[in-house]
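Reading through the C-alpha cells given below for one structure.
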Amino acid sequence: MHHDTAFCRAVPDLLATGYPVGMMELACTQGVMACVAWPREQSLGPLVNFSHFAPTPSGMQLAVRGEVIAVEGCRVRYQVEPWDEVKKISEKIHERHVIRVDKFNSRLASKLARNGA
C-alpha cells in the first residue's frame, strides 16, 4: 500500500499490483543467477505481460511459482504465478535478458556522455 500518496489512503488495504510484479521479477532474477557467471553476468527484465485477477489483503503471505518456458540465446522466458494464502492471484509471462555488466555499463556511460551528463 502506498500511504505516502494522498489518494491511496482511501484505497482498500491490499497489495497493489506492483508488489506481486516485483516479487515475480525477483524470483526470475534469482533463477537466472544460478546459471550465469554472477556478478559479471546479470539479467534485465525488458518484458512483463501480467494479469492481476484477485486482491490480496495486506499482511497475507505470497508464494511465487514459476517455470522456464523458453531459452533463446541470451533471453530466458518464464511463466510465473503468485499465490496468496488462499488462491492464485495473477499470471505473468516475464522475460530476462542475460547481460555482461561491463558491456552494459559502457553503453550506459556512452548514453550519458551523449546527453551531456
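Restricting segment 13-46 to residues that are open to solvent by less than 50 Å² (accessible area, probe 1.4 Å) and among the β-branched types (Val, Ile, Thr) leaves a set whose member that is farthest from the chain's Cα centre (by Cα) is Val36. Could we say that Val76 is in contact with a helix residue (DSSP H, G or I) (Cβ under 7 Å, 6 or more places away or on another chain), open to solvent by less than 40 Å² (accessible area, probe 1.4 Å) and part of a strand (DSSP E or B) here? Taking the combined requirement at face value, the residue satisfies it.
Would you be able to say whether some residue in segment 89-104 is within 14 Å of the chain's Cα centre (by Cα), in contact (Cβ under 8 Å) with a residue 40 or more places away in the chain, exposed (fewer than 13 other Cβ atoms within 10 Å of the Cβ) and part of a strand (DSSP E or B)? Scanning segment 89-104 turns up no residue that is within 14 Å of the chain's Cα centre (by Cα), in contact (Cβ under 8 Å) with a residue 40 or more places away in the chain, exposed (fewer than 13 other Cβ atoms within 10 Å of the Cβ) and part of a strand (DSSP E or B). Looking across Arg40, Arg77, one residue alone is of a type in the set (Lys, Arg) and more than 17 Å from Ala27 (Cα to Cα). It is Arg40. Whether any residue in segment 71-86 is of a type in the set (Lys, Arg) and under 27 Å from Leu14 (Cβ atoms) is what I want to check. No, every residue in segment 71-86 fails to be of a type in the set (Lys, Arg) and under 27 Å from Leu14 (Cβ atoms). Can you find a residue in segment 33-51 that is under 30 Å from Asp13 (Cα atoms) and either in a loop (DSSP other than H, G, I, E, B) or in contact with a Lys or Arg (Cβ under 6 Å, 6 or more places away or on another chain) (or both)? Yes; the residues of segment 33-51 include at least one that is under 30 Å from Asp13 (Cα atoms) and either in a loop (DSSP other than H, G, I, E, B) or in contact with a Lys or Arg (Cβ under 6 Å, 6 or more places away or on another chain) (or both).
The values are calculated or read from the model by the stated rules, or taken from the named source; none is laboratory data. Given the structure is predicted, the values throughout are model-derived calculations rather than measurements. FYI the Cβ positions are ideal-geometry reconstructions off the backbone, even for glycines, and counts take in every protein chain you see. The protein model used for the area step is the full one, side chains on, heavy atoms only, and it has no ligands, DNA or RNA in it. Shrake-Rupley method; radii C 1.70, N 1.55, O 1.52, S 1.80 Å.
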